[in-house]
Each structure stands twice: as C-alpha cells, then as structure tokens.
1. What percent does the relative contact order of the chain come to when contacts are Cα pairs within less than 8 Å and at least six residues apart?
2. Stretched out fully, how many nm does the piece from Gln72 to Leu56 gain, at 0.36 nm a residue minus the Cα gap?
3. Taking a threshold of 19 Å on the Cα-Cα distance, which of the pairs Lys47/Lys133; Lys54/Lys162; Lys9/Lys162; Lys62/Lys133 fall above it?
4. Nearest 20 debye, what's the magnitude of the dipole of region 21-154 about its Cα centre given +1 on Lys and Arg Cβ and -1 on Asp and Glu Cβ?
5. Which of the DSSP-defined H helices in the chain satisfy a minimum axial length of 15 Å, computed from C-alpha atoms, and a minimum mean Kyte-Doolittle hydropathy of 0.0?
6. Sequence-distant or interchain residues sharing an amide H contact under 5 Å with Ile14, placed H: which?
7. Positive end of the dipole of region 1-147, charges at C-beta (+1 Lys, Arg; -1 Asp, Glu), about the Cα centre: which of Thr10, Ile22, Ile49 has its Cα farthest in that direction?
8. Search the structure for amide H atoms under 5 Å from the amide H of Val51, placed 1.01 Å from N in the peptide plane, and list their residues when 5 or more places away or on another chain.
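Every read-out reported here was derived from the displayed coordinates using simple, explicitly stated rules and does not represent laboratory data. Everything numeric here is computed off the predicted structure, so don't read it as measured data. Here the Cβ positions follow ideal geometry from the backbone for every residue, glycine too, while neighbour counts run over all protein chains shown.
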Amino acid sequence: MNSIIENMKTRRSIRKFKGDMIPRDSIEQIIEAGLYAANGKGKQATKIIAVTNKELRDKISKSNCEIGGWQQDFDPFYGAPVILIVLADATWRNRVYDGSLVLGNMMNAAHALNIGSIWIHRAKEEFEMPEYKELLKELGIEGEWEGVGHCALGYVDGEIPKAAKRNEDRVYWVE
Ligand SMILES: Cc1cc2nc3c(=O)[nH]c(=O)nc-3n(C[C@H](O)[C@H](O)[C@H](O)COP(=O)(O)O)c2cc1C
C-alpha cells in the first residue's frame, strides 16, 4: 500500500502521553503540514498557536476541563506536553472546514514522525473567554478569531490503539 495512505489508516487518537518534550524541529514540521492544508478560496484564514510553555499548557487544560464539566484533576490533554491550537477567522464562512483540514494534516504528519496526537475539542468556548482573547492580543493577533480545535502532541505512552471496525454503510457507488 502507498505509504501515505498507510500512514492515514494507522493514525489513531492517543489518550496517554509521556511528558517528554518533542524536538522543536518535529513540531515545526507538523505545523508546516497544517499550513499546507487545502483551504476555501485559498484565503489561508487560519492561525496556529504552538504551546510548549508548561504554565500555559496547564492553564488551557484547566479551562478545557472546566468547559467540559469534568472533575478538577482530569487533564483533557492526557498529559501531552504540546498543544497546537487552531483558530480561524470568525468572519469566514469556511472557518470550520479550513481549520479541520489543518488539524487533520497535523495529526497525520505527527503520526508520520512517530509522534502521538489527538484532536481535543472546546477551543471555540475557550477563545470566547476574555483571558484567551487577551492572549491573542498579547501575541499581536488582531481581529476576531474562532477556536476550531487543539492538536495535542507527545510521545505515545504504551501501544497505539487499533482502529475500530469501519461501519459498513458508508460508501455508495454509482457506476
Ligand atoms: C471534531 C473532533 C473532536 C474531538 N474531540 C475530542 C476530545 O475532546 N477528546 C478526546 O478524547 N477525543 C476527541 N476527539 C477524538 C475522537 O474521539 C477520535 O478521533 C475518534 O474516537 C476516532 O478515533 P481515531 O482518531 O483513533 O480514529 C475528537 C475528534 C474530532 C474529529
């Protein structure tokens, strides 16, 4: 099988990460794969915030946990040391589609580099909060940006899970 297709088929969401930091070069390659995703009208109306700072990473985890309504000690990022937050121009009608492809590319790129990943939700709710809008300002990001998702990254602790069986009623051919 073609190695890229094989990579797409064997990528799985990881829910147990080692705490070790990933090399900067690998994070940059994963981000670059995201930047090259197809996007509506070629507008490139998405942004990625790469969080390797533990203090901010833990703060985001806490906010995400509160939004999700879990008990205080739950880490919705499963111990991943890196969070890539994908935002999209809040005024752009294709924002969710564009942001989702960025996330998909990054998860597949991570897997190709033997790095575990998972999409973690609730970025929208986070970036509706004043403190996260303030973070954007601090980073010099102007305008209105909607959170699409987080790509958590880290080395896999344990085995990569097996894929669930694919549902059978999903493909229809007209020949
Ligand atoms: C839009 C979206 C949101 C997701 N949000 C979460 C999440 O918040 N927490 C989580 O553990 N997994 C999350 N996932 C991962 C899915 O649960 C996972 O992709 C699905 O179970 C299929 O497993 P696989 O990625 O290993 O194929 C999300 C995936 C997508 C596409």
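1. Here the relative contact order equals 33 percent.
2. 4.1 nm is the gain from fully extending Gln72 to Leu56.
3. Lys54/Lys162
4. It comes to approximately 340 debye.
5. Length and hydropathy pass: 95-112.
6. Ser117, Ile118
7. Thr10
8. Hits under the 5 Å cutoff: Ile83, Leu84, Ile85.
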